[in-house]
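Enquirer: First, the structure itself, so that you have it in front of you.
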Amino acid sequence: MFRFVRRRMYTSAVPLIIVLLGVFLLARLTGDPTNLYMSESATPEQRAAFAAKNGFDQPILTQLGDYFSGVAHLNFGTSLRTGESASEMAFRAFPATLQLAFATMLLAVVGAVVIGCWAAYRPNSLADRFSSLLSMTAASIPDFWFAITGVWLFAVLLGVLPTSGVDDGVLSWILPVATLMIRPLGVLTQVVRGAMVSALSAPYVRLARSKGAGDLRVVTHHALRNAAAPALTVAGDLTVGLVNGAVVVEAIFGWPGIGKLMIDAILQRDFAVLQAAVLLTAVSIFVLNIAIDACYALLDARVREPARV
């Protein structure tokens, strides 16, 4: 298992370096921050002093070297907007994104297991077709459309939910979680349903039934355990997608997470904060992917020990 994890770490390091290089170059394509942070009445000397203070007067290769040196020491400099440490701002915002992502996936997994098992227990029945229709519809709905529609209906028209922020307790979680959960719930329901249909028709299930096992024990103890591997893989990929793709949802609902921090940093050309936020997100995805692969390898020995020819 250790060799498998080490191998996955090596193969994931190259994409991580490419991401770091990409965000450095793309951030500088947005323009010179000096024009944004200095007033039009600023003198050339004041502009030059601002550029020198923040390293913008250095050649691009020198800036790149300083950037990677800072990454190695987890030092991204200070925010041009607030003067705070960029790393501290990113670490302070990231837990809100993780809480939102994992709460969403927990509800999506529970819902998908219940609906998928219910549909698979009686394949081609009315319940199966109805759940398939709902799950395919949910998997096809864009997040931003569901978010905007939810705000208009429940916050503006009915006035029962807040439009943004986290100051209203549990009510503040409903629309963001529902928006992020709709697609994973639809995808996972289809995966669980397909895996359970195959598992329930397997010989070991028929053997368990012949020994007098009840329906609940057959579904939960025999079939669901063997159907867990594909569902785990898809759930892990969807969790990574939630951490990476919560930017739009956080911006719409004003959720104080890493996605909103990225948007604000891009709009303000706050390079240090943007680089810290992207690196933290990339590393979290890197770690999540390795954890998912490790869990899958525990379930299937063929993954951690490839066949030798």
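Enquirer: Do you know which residues across region 266-277 are modelled with pLDDT under 85 and either buried (at least 18 other Cβ atoms within 10 Å of the Cβ) or outside any helix (DSSP H, G or I) (or both)? Break it down into steps so the answer makes sense when it comes.
Expert: Step one: filter region 266-277 for residues modelled with pLDDT under 85, giving 266-272, 274-275.
Result: 268, 269, 270, 271, 272, 274, 275.
Enquirer: Which of the residues spanning region 38-71 are open to solvent by 40 Å² or more (accessible area, probe 1.4 Å), among the small types (Gly, Ala, Ser) and modelled with pLDDT under 80?
Expert: Hits for region 38-71 are 39, 41.
Enquirer: For region 89-117, name all the residues that are out of contact with any Lys or Arg (no Cβ under 9 Å at 6 or more places or on another chain) and within 12 Å of residue 190 (Cα to Cα).
Expert: Correct list: 109, 111, 113, 114.
Enquirer: Being assigned to a loop (DSSP other than H, G, I, E, B) and either without any contact (Cβ under 8 Å) to a residue 12 or more places away in the chain or more than 23 Å from residue 15 (Cα to Cα) (or both) is the filter here; which residues of region 238-265 pass it? Give the derivation first.
Expert: Pass one, region 238-265, residues assigned to a loop (DSSP other than H, G, I, E, B): 246, 254-257.
Listed by number, the residues that qualify are 254, 255, 256, 257.
Enquirer: What's the number of the only condition in (1) open to solvent by 30 Å² or more (accessible area, probe 1.4 Å); (2) modelled with pLDDT under 80; (3) under 22 Å from residue 145 (Cα atoms) that residue 260 fails to meet?
Expert: Of everything listed in (1) open to solvent by 30 Å² or more (accessible area, probe 1.4 Å); (2) modelled with pLDDT under 80; (3) under 22 Å from residue 145 (Cα atoms), residue 260 misses just condition (2).
Enquirer: Taking the conditions exactly as written (of a type in the set (Asp, Glu), modelled with pLDDT of 75 or more and open to solvent by 40 Å² or more (accessible area, probe 1.4 Å)), does residue 32 satisfy them or not?
Expert: Working: of a type in the set (Asp, Glu): yes; modelled with pLDDT of 75 or more: no; open to solvent by 40 Å² or more (accessible area, probe 1.4 Å): yes.
No; evaluated as a whole, the condition is false for this residue.
Enquirer: Assess whether residue 78 counts as being open to solvent by 50 Å² or more (accessible area, probe 1.4 Å) and either at pLDDT 85 or above or in contact with a strand residue (DSSP E or B) (Cβ under 7 Å, 6 or more places away or on another chain) (or both).
Expert: On the way: open to solvent by 50 Å² or more (accessible area, probe 1.4 Å): yes; either at pLDDT 85 or above or in contact with a strand residue (DSSP E or B) (Cβ under 7 Å, 6 or more places away or on another chain) (or both): yes.
Yes.
Enquirer: Mind listing whichever residues of region 142-173 are at pLDDT 85 or above, surrounded by fewer than 18 Cβ atoms within 10 Å (Cβ to Cβ) and closer than 15 Å to residue 250 by Cβ?
Expert: Answer for region 142-173, where residues must be at pLDDT 85 or above, surrounded by fewer than 18 Cβ atoms within 10 Å (Cβ to Cβ) and closer than 15 Å to residue 250 by Cβ: just 148.
The values are calculated or read from the model by the stated rules, or taken from the named source; none is laboratory data. Worth saying up front: this structure is predicted, and the values here are computed from it rather than measured. Cβ: placed from backbone, ideal geometry, glycine included. Neighbour counts: every protein chain shown. Heavy atoms of the whole protein, side chains included, go into the accessibility calculation; ligands, DNA and RNA do not. Shrake-Rupley method; radii C 1.70, N 1.55, O 1.52, S 1.80 Å.
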